[in-house]
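Notes for the one structure printed next.
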Amino acid sequence: MKKEILNKIQKVVGKSNIILQEDDMHNYLTEWRGVYSGKAAAVIKPKSTNEVSRVLKIAYEYNIPIITQGGNTGLVGGQIPFDKNHLLLSLEKLNKVREVNNIDRSITAEAGIKLSELQNICMKNNLFFPLSLASEGSCTIGGNIATNAGGVGVLYYGNTRELVLGLEVVLPDGKIINNLQALVKDNTGYSIKNLFIGSEGTLGVITAATVKAFPQPKEKYTAFLKINSPNKSIKALRIIQESISTPLTAFELMNNRSIQFVIRHIPKTFAPFSKFKWMVLVEFSSLESSDLEKERIEKTLNGLIDLGLVEDAVLSNSKSQSKNMWKLRESISEAQKKEGGSIKNDISVPIKFINKFIHDATSISKKNIPDSRCVIFGHIGDGNIHFNISQPPKAEKQEFLKKENHLRKKIVELTMSLDGSFSAEHGIGLARKGDLKKYKKDKLILMKGIKESIDKKNIMNPGKIFDY
Ligand SMILES: Cc1cc2nc3c(=O)[nH]c(=O)nc-3n(C[C@H](O)[C@H](O)[C@H](O)COP(=O)(O)OP(=O)(O)OC[C@H]3O[C@@H](n4cnc5c(N)ncnc54)[C@H](O)[C@@H]3O)c2cc1C
């Protein structure tokens with residue numbers, strides 16, 4: 001890239017906020033699992049919306065592609081640049097809270113703030129921000145919005161899309177669009193904010209957001225249920241929802257293998273049951289704290305045992321016990337990484353088909369790789385299953401990964417035959433482009449039209465979602 005362009009950008013962000021040496025870019029160019037590793041002309045770290053706008057004006061003038069990055073926790077390669085002439089725009093320094101509003105129950109923050117920090121600021125202000133993912137210590141609210149992240153609270157609070165009230169975005173030519181009002185109702189034509197939610201950096205840069213906050217729950221009741229089939233867990237879910245008025249805010253299914261991996265690799269973790277096939281982590285969040293409510297929950301869980309849907313149940317007695325329960329669930333990805341190669345599927349199906357999906361997908365894995373180990377977990381309350389396949393213990397990782405395309409194809413075919421989605425949470429990026437082309441042709445044409453009208457020069461994350 002011409003020095004003149006980089007000099008112009010350096011003048012905007014300052015010398016200390018531009019990385020030009022390849023060695024110093026490493027953390028930005030490789031991602032969490034080491035699946036993608038890229039290249040770029042520079043990493044640029046603007047500190048304000050105005051700086052983002054001025055950088056984009058320069059990029060627009062010289063036709064330089066911009067790859068926006070938040071916390072670099074994306075799992076489909078969307079945040080990684082792959083060309084020496086592309087610029088990586090890191091939003092890590094655009095991380096201030098602009099307003100906490102207890103009357104509107106909203107919080108306005110810049111896109112680069114970490115999700116865990118946003119949650120903490122809400123808590124300090126007696127509010128609650130319900131978006132919660134295992135990557136929350138690193139991912140940013142801008143990245144969450146750009147990927148329409150899901151996570152464990154979707155069952156009750158909805159996806160990120162349901163939590164966003166307004167956005168500030170910078171368009172490819174540098175124009176700033178400010179739509180940060182905390183309005184629940186705003187029927188003024190097309191929803192521009194919804195276009196940017198889930199756009200994965202292909203339309204512009206999200207620089208700030210106003211999101212919904214909720215009253216802080218006073219009490220959380222966390223329980224593990226021992227269950228012998230996913231089908232029974234769905235029946236248990238519906239009974240719980242029909243009999244307890246305390247909001248059920250999480251319902252997470254995990255197979256035995258996932259928990260075995262966690263206990264093997266993550267210090268200070270223990271299984272709550274000596275033998276089990278499946279386990280569900282259940283959480284209720286309440287605005288009151290009463291013995292009566294806890295008794296009601298206990299009674300319902302015992303009722304599930306009497307009905308033969310649940311084999312055993314343990315309810316946490318303290319915050320630290322509940323934290324340990326969550327640790328088991330949230331460490332699955334990290335533990336699985338230590339078991340060698342894995343083939344990941346982030347799918348969703350209508351809840352009525354979950355049992356069939358798990359049964360058939362397991363058969364596909366065993367038929368193709370007899371000793372493969374299925375790590376099955378997910379937000380079953382909203383139909384989302386992470387169906388991951390770990391390599392056989394003694395297999396050669398690269399040999400195992402040669403089967404990835406074939407196995408993924410089969411599992412996606414199964415998912416689509418059950419009216420599901422091949423990407424429930426993680427987006428398209430690079431990894432799911434082929435599936436999008438194959439299964440969503442009409443949608444892709446419409447999306448392309450929108451992309452071309454907003455990003456006329458195709459400088460926003462080119463090659464992601466769409467072919468270059
Ligand atoms: C251990 C682990 C657990 C996870 N669990 C979940 C889960 O439960 N649910 C879930 O949905 N995801 C999950 N993820 C995936 C990931 O954390 C989410 O996709 C997250 O929302 C990405 O945020 P980020 O800030 O890291 O974005 P990045 O990875 O930096 O970027 C992701 C995409 O968004 C774009 N982007 C980022 N910031 C902006 C911006 N400000 N403006 C425009 N575009 C932008 C990038 O260009 C890229 O296409 C998990 C990941 C890990 C590693």
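None of the figures in this text is laboratory data; all of them are computed from the coordinates on show. Note that the coordinates shown come from a computational prediction; the quantities given were computed from them, not determined experimentally. Note that each Cβ is placed from the backbone with ideal geometry, even for glycine, and that neighbours are counted across all protein chains shown.
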For segment 1-148, what does the relative contact order come out to in percent, with C-alpha contacts under 8 Å and a separation of six or more? 20 percent
How large is the Kirkwood hydrodynamic radius of segment 296-355, in angstrom, based on all distinct alpha carbon pairs? 15.0 Å
What residues have an amide H closer than 5 Å to that of A149, excluding those fewer than 5 places away on the same chain, when H is modeled at 1.01 Å from N in the peptide plane? T160
Under the Debye formula (equal points on every Cα, no solvent term), log10 I(q)/I(0) of segment 403-463 at q = 0.20 Å⁻¹: -0.86
Calculate how steeply helix 115-124 sits against the longest principal axis of the alpha-carbon atoms of the chain, using the helix alpha-carbon long axis, and give the answer as 0 to 90 degrees to the nearest 10. 70 degrees
In whole Hz and in residue order, list the ³J(HN,Hα) couplings for segment 447-453 that follow from phi through the Karplus curve 6.51 cos²θ - 1.76 cosθ + 1.60, θ = phi - 60°; x for Gly and Pro. 4, 5, x, 5, 4, 5, 7
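Starting from the Cα gyration tensor of segment 339-438, multiply each eigenvalue by 5, take the square root, and state the resulting semi-axes largest first in whole Å. Don't skip to the answer; put the middle values down first.
Details: eigenvalues 90, 48, 28 Å².
Semi-axes, largest first: 21, 16, 12 Å.
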Filtered hits (aspartates and glutamates, Cα-Cα < 14 Å from K294, offset >= 8 within chain) -> E219, E283
Unit charges on C-beta of K, R, D, E only; dipole of segment 145-222, Debye: 220 debye
Antiparallel DSSP beta bridges within segment 3-90, as percent of all bridges there, nearest 5: 25 percent
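Applying 1/(1 + (r/R0)^6) with R0 = 60 Å to the Cβ-Cβ distance of K397 and E295, what FRET efficiency is obtained, to the nearest 0.05? Working shown, then result.
Numbers: r = 51 Å, r/R0 = 0.84.
E(calc), rounded to 0.05, equals 0.75.
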Rounded to the nearest 10 degrees, the helix 230-243 long axis (Cα) sits at an angle to the longest Cα principal axis of the chain of 90 degrees
With θ set to phi - 60° and the Karplus curve 6.51 cos²θ - 1.76 cosθ + 1.60, what are the ³J(HN,Hα) couplings of segment 415-423 in order, to the nearest whole Hz, using x for Gly and Pro? 4, 5, 5, 9, 6, x, 10, 7, 9
Which listed residue (M279, G38, N178) has the Cα farthest towards the positive end of the charge dipole for the chain, taking +1 on Lys and Arg C-beta and -1 on Asp and Glu C-beta about the Cα centre? G38
If each of L183 and S116 carries a label point 7 Å out from its Cα toward its Cβ, how far apart are those two points in nm? 3.7 nm
Looking at segment 97-215, how many pairs of lysines come closer than 26 Å at the Cα, when each pair is eight or more places apart or spans two chains? 11
For the chain, calculated [θ]222 nm from helices alone, where every DSSP H run of n ≥ 4 adds -39500 (n - 2.57): -10500 deg cm²/dmol
Relative contact order for segment 97-215: what is it in percent, counting Cα pairs under 8 Å that are at least 6 residues apart? 33 percent
Under a 5 Å amide H to amide H cut-off, with H placed in plane at 1.01 Å, what residues pair with A213 once short-range neighbours are removed? S106, I107
Compare the peptides 11-18, 249-256 by average per-residue count of other Cβ atoms within 10 angstrom and give them in order, highest first. 249-256, 11-18
When the charge dipole of the chain is computed with +1 on Lys and Arg Cβ and -1 on Asp and Glu Cβ about the Cα centre, the Cα farthest towards its positive end, among S233, L315, I358, belongs to I358
Relative contact order of segment 3-90, please, whole-number percent, based on alpha carbon pairs below 8 angstrom and at least 6 residues apart. 35 percent
Extended-chain gain in nm, criterion 0.36 nm per residue less alpha-carbon gap, H359 and N102: 87.8 nm
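Which peptide among 336-345, 40-49, 263-272 comes first, and what is the full order, when sorted by highest mean count of other Cβ atoms within 10 Å? Walk me through the numbers on the way to the answer.
Numbers: 336-345: 18.7, 40-49: 22.1, 263-272: 13.2.
Ranked from most to least packed, the peptides come out as 40-49, 336-345, 263-272.
With only alpha-carbon pairs counted, each pair once and no self-pairs, how large is the Kirkwood hydrodynamic radius of segment 97-215 in angstroms?
Numbers: mean 1/r = 0.0708 Å⁻¹.
Across segment 97-215, the inverse of the average 1/r is 14.1 Å.
Starting from the Kirkwood radius over alpha-carbon pairs of segment 219-318, derive D by Stokes-Einstein at 25 °C in a medium of 0.890 mPa s and give it in µm² s⁻¹. Walk me through the numbers before you get to the answer.
Numbers: Rh = 14.0 Å.
Answer, rounded: 176 µm²/s.
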On Cα atoms only, tilt of 319-330 relative to the major axis of the chain in degrees: 70 degrees
Viscosity 0.890 mPa s, temperature 25 °C: give me the Stokes-Einstein translational D for the chain in µm²/s, with Rh taken as the Kirkwood radius over C-alpha pairs. 105 µm²/s
Pairs over 22 Å Cα to Cα, from K268/K338; K338/K403; K409/K456; K268/K397; K96/K218, come to K409/K456; K268/K397; K96/K218
Ordered by residue, what ³J(HN,Hα) values in Hz, to whole numbers, does segment 219-228 give under the Karplus form 6.51 cos²θ - 1.76 cosθ + 1.60, where θ = phi - 60° and Gly and Pro are x? 9, 10, 10, 10, 9, 10, 10, 8, 9, 9
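Take every DSSP beta bridge with both residues inside the chain and express the antiparallel ones as a percent of the total, to the nearest 5. Could you put the intermediate results ahead of the total?
Numbers: 58 of 67 bridges.
Here the antiparallel bridges make up roughly 85 percent for the chain.
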Using +1 at the C-beta of Lys and Arg and -1 at the C-beta of Asp and Glu, which of Y60, G70, V12 has the Cα lying farthest in the positive direction of the dipole of segment 3-90? V12
